[in-house]
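*Asks:* One structure is given below, represented as C-alpha cells, and several questions about it will come after.
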Amino acid sequence: MLNLEGRVALVTGAAQGIGRAIASALKEAGATVALADIDADGLAVAVRDLEADSVVVDLGDRAAVHEAVGRIAASNGGLDILINAAGGTRGQAGRPIAEIDEAAWRMIFEANVDSAFWLAQAAAPLMRARGGGRIVAIASGAGLRPSLTGIQSYTAAKHALVGLVKQLSQELGPDGITVNAVAPGFVRSNPTTERQWEAMGEDGQRRLIESIHTRRLGTAEDIAAAALFLASDQASWISGQILSVDGGRS
C-alpha cells in the first residue's frame, strides 16, 4: 500500500463522486486531507464522514482560491499534494453550436480551466517551500478526443486543461513539483453522469460498454487509485503525463 504519512493534501471537487473517492484514498494512505468544493451541503457530509478540514470556495474566483489554499496550508502546516477534481459540465447538456451563449461557454472554462490555473498558482509557492510536491488534475477522455456529452465547451476546456498540465510540468518541474493528469473514461459517479447514462438508452449503454476493452464501466475508486499513485513517491519521475483510465477504450 502507498504510504503518504506526513503529507498534506488538498482535494477539490471533494463533495461527491471522484473527488470524494480520491480524498478517501489519500486519507487511507495516511495523508492529512483537506476538502474544497462549491457545494456546501455536500461538502459538509464529506467532512463528517472523512473527519477532514474543509473550505467552501468558488474555484473560478482567483482571490477566493488564493485565500482558501493559504488558509488550508496555514492550518495544516503546509501543502504537499493538490488534487484538482473540480469541474465537470455544471449541469449543461449538449446543444447545437448556434444555441450556445457566452455565459454557458465561460461557465465551463471557469470550472475546468481557470480553477486549475488559480489552484496551481496558489499551491506552487507552498510546495516549493517544502522542497517539492504533486499536482494531479482530473481531466477527461474529452480532453483527448470528442466528448460523449456533446458539450463543445467541455471538450475544449478539457483539451485546454491537458495543455495546461504539460505547461505547468515544464515550469514547476525544476522545483521538484510534478504535474500530471488522470483522464477518466465514463464513470457513473454523480447525478450528472447518472443523467448522461440514462439519456444513452439501452442501446447506447450497450455500445459504450462494448467499446471498452474490459467490458465494464469504471468506478470512482478506479480513478482514485490512479491519482493516489501519481501523488506518491513512486511517481517522482513522472510528470507532464496524461494517464487514461478508461478500461482500454482510448
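Just so it is clear, none of the values below were taken in a lab; they were calculated from the coordinates. Here the structure is a predicted model, which is why all the values come from computation and not from measurement. So basically every Cβ, Gly included, is an ideal-geometry build from the backbone, and we count neighbours across all protein chains shown.
*Asks:* So for the pair His66, Asp175, with labels modelled 7 Å out along Cα→Cβ, what separation do we get in nm?
*Replies:* 1.4
*Asks:* Show me, for segment 2-18, the HN-Hα J-couplings you get by feeding each phi into the Karplus relation (A = 6.51, B = -1.76, C = 1.60, θ = phi - 60°), rounded to Hz, glycine and proline as x.
*Replies:* Listing the rounded values in order: 5, 10, 10, 4, x, 9, 10, 10, 10, 10, 9, x, 8, 6, 7, x, 4 Hz.
*Asks:* Stick to the Cα atoms of the chain, pair each with every other, and give me the Kirkwood hydrodynamic radius in Å at one decimal.
*Replies:* Computed over the chain, the radius equals 18.0 Å.
*Asks:* Considering the dipole of segment 105-222 built from charges on the beta carbon (Lys and Arg +1, Asp and Glu -1) around the Cα centre, which of Ala139, Leu126, Met200 is farthest to its positive end?
*Replies:* Of the listed residues, the answer is Leu126.
*Asks:* While we're looking at this one, here's another question. At 222 nm, what helix-only mean residue ellipticity would the chain give, in deg cm²/dmol to the nearest 500, using -39500 (n - 2.57) for each DSSP H run of four or more?
*Replies:* Details: 8 runs with 113 residues, N = 250.
It comes out at -14500 deg cm²/dmol, rounded to the nearest 500.
*Asks:* Then there is this: Contact order normalised by length for segment 114-198, with contacts defined as Cα pairs under 8 Å and 6 or more residues apart; what percent is it?
*Replies:* 35
*Asks:* Hey, what does the equivalent ellipsoid look like for segment 112-250, semi-axes from the Cα gyration tensor as sqrt of 5 times each eigenvalue, largest first, whole Å?
*Replies:* That gives 30, 16, 12 Å for the three semi-axes.
*Asks:* For a Förster distance of 25 Å, can you work out the FRET efficiency between the beta-carbons of Arg145 and Asp233, rounded to the nearest 0.05? Working shown, then result.
*Replies:* Working: r = 32 Å, r/R0 = 1.28.
Plugging the Cβ-Cβ distance into 1/(1 + (r/R0)^6) gives 0.20.
*Asks:* Over segment 145-250, what is the relative contact order in percent, taking alpha-carbon pairs closer than 8 angstrom and at least six residues apart? Write down the numbers at each step before the final one.
*Replies:* Working: 114 pairs, mean separation 39.9, N = 106.
After rounding, I find 38 percent.
*Asks:* To the nearest 20 Debye, how big is the dipole of the chain about its Cα centre, given +1 on the beta carbon of each Lys and Arg and -1 on that of each Asp and Glu?
*Replies:* My answer is approximately 560 debye.
*Asks:* Here is a further query. To the nearest 0.05, what FRET efficiency results for Arg128 and Glu221 with a Förster distance of 41 Å applied to their C-beta separation?
*Replies:* Efficiency, rounded to the nearest 0.05: 0.85.
*Asks:* Calculate, in nm to one decimal, what Glu198 and Trp105 gain on full extension: separation in residues at 0.36 nm each, minus their alpha carbon distance.
*Replies:* Length difference between fully extended and current span is 31.0 nm.
*Asks:* Moving to a separate point now. In whole Å, what is the distance between the alpha-carbon centres of segment 1-75 and segment 112-167?
*Replies:* That distance is 17 Å.
*Asks:* Could you tell me which GluC sites (Glu not before Pro) in segment 41-108 are loop residues by DSSP with no more than 11 other beta carbons within 10 angstrom of their beta carbon?
*Replies:* Glu51
*Asks:* In addition: First measure r as the distance between the Cβ atoms of Arg48 and Ile97, then evaluate 1/(1 + (r/R0)^6) with R0 = 45 Å and state the FRET efficiency to the nearest 0.05.
*Replies:* Numbers: r = 43 Å, r/R0 = 0.95.
Efficiency at R0 = 45 Å is approximately 0.60.
*Asks:* How much length would be gained if the chain were fully extended between Asp39 and Ser211, taking 0.36 nm per residue of separation minus their Cα-Cα distance, in nm to one decimal?
*Replies:* That pair, Asp39 and Ser211, stretches by 58.6 nm at full extension.
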